[in-house]
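First the structure, in the form of structure tokens, and then the observations on it.
The values are calculated or read from the model by the stated rules, or taken from the named source; none is laboratory data. No experiment lies behind these values; they were computed from the predicted model shown. For neighbour counting, all protein chains shown are included, and Cβ atoms are generated from backbone atoms with ideal geometry for every residue, glycine included.
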Amino acid sequence: MTQAMHAAAMNEPAARATPRLRATTERLPSKVIRVPFEPESFFGHQPTASAALPDPRPLLENLTRCVVEILAGARDLQQIARWVTDDVYRNLLKRVVLSDRARRARGQQVTRPTFTIGTVVTDEPRDGVVEATVIVHGRARSRAVAIRLEGLDSRWRATAINVL
């Protein structure tokens with residue numbers, strides 16, 4: 001037996017399987033399973049570590065001041081759009097509409113609220129996340145504003161705001 005015949009005999013089962021495999025892939029190129037493209041992994045918000053971000057305390061105080069004034073009707077919601085996520089923006093928009101309806105039903109004029117920022121308590125449950133409670137003292141009552149900041153795209157963004 002020649003060397004070429006010996007090699008052909010050794011590869012005979014593989015040679016038979018190869019045309020069948022080739023025919024399958026040639027007939028069904030559209031049936032190849034591909035990993036779906038996820039644009040969020042490339043273009044979505046990228047988390048940022050706390051060390052790469054500024055001190056969150058001034059943002060917490062200013063964001064609290066803005067949210068209270070927005071709910072009172074003295075400030076436009078669009079002014080804080082860059083500091084909050086889309087979900088927070090939508091939730092605040094609903095509250096603004098409800099507050100505006102309530103003021104109109106009572107016949108009240110929009111006035112700038114008088115208040116002071118009190119205690120700010122912060123906690124970092126993990127790197128790049130700050131959860132805070134800010135106490136707001138008004139003339140008639142005190143309120144608490146709970147804010148969750150996350151480091152996204154090299155800046156702090158509020159992912160949750162609740163006025164209690």
Failed item, numbered, when Asn91 is tested on (1) under 23 Å from the mean Cα position of the chain (by Cα); (2) under 18 Å from Ile70 (Cβ atoms); (3) free of Cβ contacts under 8 Å to residues at least 12 places away in the same chain
(3)
Is there a residue in region 57-66 that is of a type in the set (Asp, Glu), surrounded by 13 or more Cβ atoms within 10 Å (Cβ to Cβ) and assigned to a helix (DSSP H, G or I)?
yes
Matching residues in region 97-142 - criterion: being closer than 23 Å to Gln78 by Cβ and assigned to a strand (DSSP E or B)
Phe115, Ile117, Val134, Val136
Matching residues in region 126-164 (buried (at least 16 other Cβ atoms within 10 Å of the Cβ), touching a Phe, Trp or Tyr at 6+ places or on another chain (Cβ under 9 Å) and not basic (Lys, Arg)) number 6
Criterion violated by Asp123 - all others in (1) over 17 Å from Asp55 (Cβ atoms); (2) exposed (fewer than 11 other Cβ atoms within 10 Å of the Cβ); (3) at pLDDT 95 or above; (4) of a type outside the set (A, V, I, L, M, F, W, C) satisfied
(1)
